[in-house]
Amino acid sequence: MPQISTLQSLIAGRWIGNEAATPLRSALNNSLIYNTHAERIDFDEAVTYARKTGVPGLMKLDFQQRAARLKALALYLASRKEELYAISHLTGATRADSWVDIEGGTGTLFAYASMGSRELPSSNVLHEGLAIALGKNGGFAGTHILVPRGGLAVHINAFNFPIWGLLEKFAPSFLAAMPCIGKPATATSYLTEAVVRMIHESGLLPEGALQLVIGGTGDLLDRLGGADVVTFTGSADTAAKLRVNRNLIANSVPFTAEADSLNCAILAPDVSADDPEFDLFVKEVAREMTGKAGQKCTAIRRVIVPEHMVDAVGTRLRERLAKISVGDPSVEGVRMGALASKDQQRDVAERLALLASGNEVLFGERDGFKPVGDGVSDGSFFAPTLLLCRDGMRNDAVHDIEAFGPVSTIISYNGIDEALALAARGKGSLVSTLVTKEPAIAAYAVPMAAASHGRVLILEREASVDSTGHGSPLPQLKHGGPGRAGGGEELGGIRAVRHFLQRAAVQGSPTMLAAVTGEYVRGAKVQESEVHPFRKHFEDLKMGDSLLTHRRTVSEADIVNFGGVSGDYFYMHFDDIAAKDTQFGQRIAHGYFVLSAAAGLFVSPAPGPVLANYGLDNLRFITPVAIGDTIRARLTCKRKVDRNRTDDKGVGQGVVAWDVQITNQRDELVASYDILTLVMKRS
Ligand code: NDP
């Protein structure tokens with residue numbers, strides 16, 4: 001008998017566990033592959049370690065440095081991905097299923113590293129501007145900041161994506177400087193243990209940034225406080241139980257849930273069987289039913305189809321499902337693997353029985369289901385099963401019972417309003433797909449579907465070329481749905497990082513707000529010196545370094561010349577008669593001339609540390625500039641972000657945003673904007 005290894009928890013920097021407890025079995029043939037450990041975890045030690053070692057270690061780094069660590073970690077894990085694939089197949093996953101888990105996981109780390117480096121400051125205070133004046137004299141203002149909470153994040157995950165599930169929660173919370181305790185579902189915890197071991201071996205994270213719990217959470221939730229957070233993915237029942245934990249309620253510990261969801265796809269009434277959209281619809285449904293053997297929180301469970309298309313959809317889906325070979329994914333040609341465990345196999349069978357009563361089975365076990373591969377008769381395989389419900393408005397089961405496997409139900413409808421009403425019967429879902437050729441149908445249906453679905457995919461021939469599919473949550477887009485789907489939000493770009501930070505309103509003088517936020521706030525004190533700010537290297541520049549330029553009177557020749565250079569002969573600049581009839585009552589200068597003239601006023605032309613101007617934000621033209629007006633500009637260093645980058649020649653550079661205010665002879669603000677530049681470092 002080969003030695004079955006015992007999984008270990010990573011607590012307070014030590015791997016714990018030698019004595020076997022719960023046996024874990026291969027989804028492919030039910031053989032014993034691992035055991036959980038019997039040793040009890042001291043959760044007081046885990047929480048104390050996160051607070052005392054994890055938090056300070058993470059806070060020694062700033063947002064940019066943590067983003068750089070995430071990228072290094074993503075590269076490291078990507079270099080060892082084949083070791084993970086070798087374990088992943090034991091969960092019953094095909095290579096394609098494992099790709100979603102493994103490379104979807106590292107891809108999420110890459111995405112958060114990149115978004116963090118683009119959007120977060122090189123400090124630990126995230127300014128949620130703009131500051132707003134709170135008095136008439138300009139001396140008092142208010143703004144919002146987001147700061148690390150100083151607590152830890154407990155991430156509880158479902159069994160279906162043991163790697164992605166951890167990493168998609170870990171990445172934003174790590175950026176937010178929260179040490180994490182990951183708790184994977186026991187059934188597939190061996191894969192999470194493998195990836196956490198790699199992370200530990202990489203040595204890339206500060207001590208205490210990640211701990212792992214194999215087995216139960218004991219009294220962990222009872223030990224959390226107001227600075228901590230809990231995120232959960234799994235069944236609605238467990239979510240309901242955990243969110244009412246007395247300690248979490250007593251201490252207002254945020255609890256974010258992502259629970260089971262009866263997602264749907266709607267075939268709109270405008271699509272006929274000859275349209276490419278019809279094929280797209282059928283393909284998407286078949287893919288969602290069989291990908292990961294239907295064990296995806298986003299899988300399409302309800303296939304909402306116009307009454308007159310039910311037969312056509314049923315026939316085409318049956319044909320597709322019949323071609324899908326099920327079995328051991330290592331066998332050539334196998335497209336669908338097994339459910340994660342025997343427990344899941346039993347659970348899905350029970351739920352299918354409930355769904356089948358009162359509905360027709362269009363395709364299922366009786367249609368030649370025979371998994372291929374050695375020993376698969378003991379595996380956790382399940383036949384792709386398609387049901388038909390002809391009275392979806394009266395049948396509750398199809399909207400309530402989630403069979404977490406390759407099981408979907410076609411539900412017929414009459415008119416788009418009924419389709420939308422059926423979709424909403426899921427009481428809140430993660431995602432719905434609408435397949436239509438008609439923008440007007442999308443414009444009508446999507447706002448209604450959006451009220452009860454966290455994400456809506458509109459699929460037609462144009463989108464199909466690049467569509468990432470119904471079932472794929474993306475790091476850039478929000479994942480999570482209302483109601484039954486848990487009511488939580490994950491991912492969605494940097495907003496996921498914000499979820500793990502604490503927001504505070506701050507009031508004070510603009511000078512104080514600038515000091516706190518690390519960002520120049522209009523009205524704050526500035527520093528002026530003989531040295532032009534564009535002649536300073538990144539290290540020497542200080543927020544608030546400012547230049548008030550000389551003046552320039554705008555002439556008619558400027559307007560004529562600018563019209564000639566740009567080809568912009570808009571009547572407002574060239575037609576005296578028409579311009580008199582406008583709200584300005586006279587010809588005015590081009591806004592882009594004013595911008596260009598301001599650049600001419602503030603630029604220091606000789607080569608210097610400013611390497612490039614790569615954009616402009618928040619541009620507003622506030623007061624028109626007429627012939628004879630005199631303008632000047634104030635350029636102020638607004639924000640510095642050190643991305644720890646060098647160019648091809650190894651020269652370091654940082655990002656500097658400049659506040660520009662252009663005023664006229666009456667000191668009225670004419671235009672304002674931020675310029676984004678790259679500035680060379682001295683070193
Ligand atoms: P569960 O809700 O049973 O478990 C989810 C996670 O919660 C697991 O890590 C589990 O650990 C943990 N857990 C369970 N009870 C407690 C507790 N009292 N205290 C702390 N942690 C606890 O879901 P499953 O993973 O077993 O999946 C079951 C169902 O969940 C599926 O059939 C499906 O309906 C739904 N699901 C939804 C998903 C989604 O993303 N929306 C994804 C996957 C599943 P342990 O395994 O050790 O019990």
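The values are calculated or read from the model by the stated rules, or taken from the named source; none is laboratory data. Remember, predicted model here, so these are calculated numbers, not experimental data. Please note: Cβ atoms are built from the backbone with ideal geometry, for glycine as well, and neighbour counts cover all protein chains shown. Surface accessibility is based on the protein's heavy atoms, side chains included, excluding ligands, DNA and RNA. Shrake-Rupley method; radii C 1.70, N 1.55, O 1.52, S 1.80 Å.
The figures follow:
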item: Relative contact order computed over the range 112-231 (Cα-Cα under 8 Å; 6+ residues apart), in percent; result: 26 percent
item: Cβ-Cβ FRET estimate between residue 31 and residue 279, R0 fixed at 60 Å, reported to 0.05; result: 0.90
item: Antiparallel bridges, percent of DSSP beta bridges restricted to the range 429-495 (to nearest 5); result: 25 percent
item: Cα Rg, Dmax (largest Cα-Cα span) when computed across the range 305-413, Å; result: 14.6, 44
item: Accessible area (Å², per residue) of the chain, counting only protein heavy atoms and a probe of 1.4 Å; result: 42 Å²
item: Three-way shape label, the range 391-526, alpha-carbon gyration tensor, a/c 1.5; result: prolate
item: Amide H contacts under 5 Å for residue 211, placed H, 5+ residues apart; result: 180, 181, 182
item: Rounded if a/c under 1.5, otherwise prolate or oblate - the range 32-191, Cα gyration tensor axes; result: prolate
item: Ordering of 255-265, 353-363, 106-116 by packing [mean C-beta count within 10 Å, highest first]; result: 255-265, 106-116, 353-363
item: Residue 201/residue 372 FRET efficiency (R0 30 Å; Cβ-Cβ; nearest 0.05); result: 0.25
item: Residues of type aspartates and glutamates that residue 81 reaches as a straight line, Cα spacing below 17 Å, ignoring anything fewer than 8 places off in the same chain; result: 97, 101, 103, 168, 193, 201
item: Rounded percent of accessible protein surface that carbon and sulfur make up, the chain, 1.4 Å probe; result: 52 percent
item: Value of relative contact order over the chain, rounded to a whole percent, pairs C-alpha under 8 Å and six or more apart; result: 13 percent
item: Cross-link pairs beyond the 24 Å C-alpha cut-off, checked among 71/638; 241/292; 536/640; 370/427; 169/296; result: 71/638; 241/292; 370/427
item: DSSP bridge pairs, the chain: antiparallel proportion in percent, nearest 5; result: 60 percent
item: Shape category assigned to the range 212-311 from the gyration tensor of Cα positions, a/c cut at 1.5; result: prolate
item: Mean residue ellipticity (222 nm) of the chain, computed from DSSP H runs ≥ 4 via -39,500 (n - 2.57), nearest 500; result: -9500 deg cm²/dmol
item: Taking N as its residue count, the alpha carbon Rg of the chain over 2.2 N^0.38 Å; result: 1.13
item: Peptides 276-284, 414-422 ordered by average Cβ neighbours within 10 Å, highest first; result: 276-284, 414-422
item: Exposure ranking of 183, 323, 427 by accessible area [1.4 Å probe, largest first]; result: 323, 427, 183
